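Here is the structure we will look at, set down as structure tokens.
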Amino acid sequence: MRWQRKSLRRRLLLWLLGALAIISALMLFEVRSSASKAANEAYDRVLLGSALAIAERVVVVGEQLEVDVPYVALEMLTSAAQDRVFYQVVGPGNSFITGYDDLPIVDDKEIPKNGAPLFFDADYRGDAIRVGVISRHISGGRLSARFTVMVAETIEGRNNLINEMMTAAIVRQLVLILVAGIVLWIGIGWGLKPLVRLEAALNRRTPSDLRPIEHEVPQEVRHLIEAINDLMKRLGASIEAMQRFTSNAAHQLRTPLAAIQTQAELAQDEKDPVKITKRLEHLNRSTKQTSRLINQLLSLARTHQEEENFQSEIIDLKLLSEEVTRVYVPQAVALRIDLGFEQEDQINSVVGNEELIKEALKNLIENALHYCPENSTVTVRIKQELEDAMIEVEDDGPGVSKDERDKIFERFYRSETRDDEGCGLGLPIVREIMERHGGFIEYKEATQGQGACFRLRFSQV
């Protein structure tokens, strides 16, 4: 049942047939009104003919009116076997002349004096009847008077005629709806064929086949196909980046893990305590390098997760920078590095994701603490330049050579000119975070001439 309710074909068919059924119902109301009018006009003409035939037989005899009701006048009203006929002729002052004396009395004022007939519905002896009335003036001898002829019949014949016309109309409408339903079902199915072919083509694809959909589709779903193509393009790029990242990560992990294994095996074989200590130092250094790489990989994973659930908020850069800097003070003290915080200008808030910005600043501080020797100075600074708010992390360490300044933002890049125990992920993570915020990271010379300064530039609210 759920599948049927969600079927586009059935839904379209139900909507169209529903609209057609409503139109048919309105048309049937109109048909019934027209059928009633046509039946009444036809039967009323017969009533009028009978009344006129009787009126023609009214004569003046002496000082009174007499009538010889012709058989043909009543025969005209007996076409329906189930109908019964009644008549009445009255003279001046409603004096009864002939017929059924208990027929409903008509007020003389309601009868047109110009000879036009009067028709109305009434009840007689428990039956519904239709009554036709005409009034005529007659003169003869010493009498000049107006008389009234009333002819009535039951309405079974009329109702039967109306019902027959309605039945025929209903049958026609039902046939029309049935034929329309069949045509619509076939037509909608034909119209949906491109989607069926598209479904078959997609089912034939392998999970790794993310090529754009190029099938001919109706105009109404073209935007949907474009959206799917865009999604597949982004998904393909994401999968490609993930595969490249996985390959690089495996390659980067392979070296320190192999070094750990080698140093551990050599340490097991050594008998000299001094050499064992040296091997353990190498093992400890390789372990730290591996630990840093794993932490950077976890940081990158957290960054991607935050980007997928990206939620912007108003962020106070001063409070955020002070909070993150305070976290790394104990580590800086242990490394004998002076870590401080400065604010040069009044900084307004920025819009972004607080966790991602914290992650970016953490990476810059960790890089500075990692590469700077003892007695170095690392400064976290917030400032403003024109309309942009900025966070700077400046140190007086070894800095970055000019040849490497464009490469340090690439994933897994490690300097070949120095003993680099880094893993090449910190700065690429920061770059991705800043791009997600519509900003960027830039490298500049330190103010003291030696060291490095990395700047995060944000657009202000």
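Before anything else, pin down the relative contact order of the chain: Cα pairs under 8 Å, at least 6 apart, normalised by residue count, whole percent.
10 percent.
Between ILE314 and HIS137, what is the label-to-label distance in nm when each label sits 7 Å out along the Cα-to-Cβ direction?
Taking the two extended label points, one gets 9.8 nm.
Between segment 124-140 and segment 16-44, what is the C-alpha centre distance in whole Å?
31 Å
Can you sort THR377, THR206, THR277 so the residue with the fewest Cβ neighbours within 10 Å comes first?
Fewest to most other Cβ atoms nearby, the residues stand as THR206, THR277, THR377.
Taking the Cα-to-Cβ direction at ALA42 and at PHE119 and moving 7 Å from each Cα, how far apart do the two end points lie in nm?
1.2 nm
Quick check: residue separation of LEU386 and GLU344 times 0.36 nm, minus the Cα distance between them. What number comes out in nm? Don't jump to the answer; show the numbers that get you there.
Details: separation 42, 0.36 × 42 = 15.12 nm, distance 1.34 nm.
Length gained between LEU386 and GLU344: 13.8 nm.
Take the alpha carbon atoms of segment 144-183, find their center, do the same for segment 368-392, and report the distance between the two centers in whole angstrom.
96 Å
Plugging the Kirkwood radius over Cα pairs into Stokes-Einstein for the chain, at a temperature of 4 °C and a viscosity of 1.567 mPa s, what D comes out in µm²/s? Before the final figure, lay out each step's value.
Numbers: Rh = 33.1 Å.
Roughly 39 µm²/s, to the nearest whole number.
FRET efficiency for ASP403 and ARG254, Cβ-Cβ distance as r, R0 = 22 Å, nearest 0.05?
The value I calculate is 0.25.
If each DSSP helix of 4+ residues adds -39,500 (n - 2.57) and the sum is divided by the residues in the chain, what number results at 222 nm, nearest 500 deg cm²/dmol?
Details: 10 runs with 237 residues, N = 461.
After summing the helix terms and dividing by residue count, I get -18000 deg cm²/dmol.
Out of ILE170, TYR371, PRO104, whose Cα points farthest toward the positive end of the dipole of the chain (charges: +1 Lys, Arg; -1 Asp, Glu; placed on Cβ)?
With unit charges placed on the Cβ atoms, the residue in question is ILE170.
May I ask you to derive the FRET efficiency for ALA21 and ARG211 from their Cβ-Cβ distance with R0 = 41 Å, giving the value to the nearest 0.05?
The computed FRET efficiency comes out at 0.35.
Which translational diffusion coefficient, to the nearest whole µm²/s, is obtained for segment 23-162 from the Stokes-Einstein equation, given a Kirkwood hydrodynamic radius over C-alpha pairs, 20 °C and 1.002 mPa s?
Answer from the Stokes-Einstein relation: 134 µm²/s.
Using only Cα atoms, locate the centre of segment 208-242 and the centre of segment 316-365, then give the distance between them in Å, rounded to an integer.
The distance from the Cα centre of segment 208-242 to that of segment 316-365 comes to 41 Å.
Laboratory data are not the source of any read-out in this text; all were calculated from the coordinates shown. A quick note: this is a predicted structure, and the numbers were derived from the prediction, not measured. Quick reminder, even Gly has a Cβ in these numbers, built from the backbone with ideal geometry, and neighbours come from all protein chains shown.
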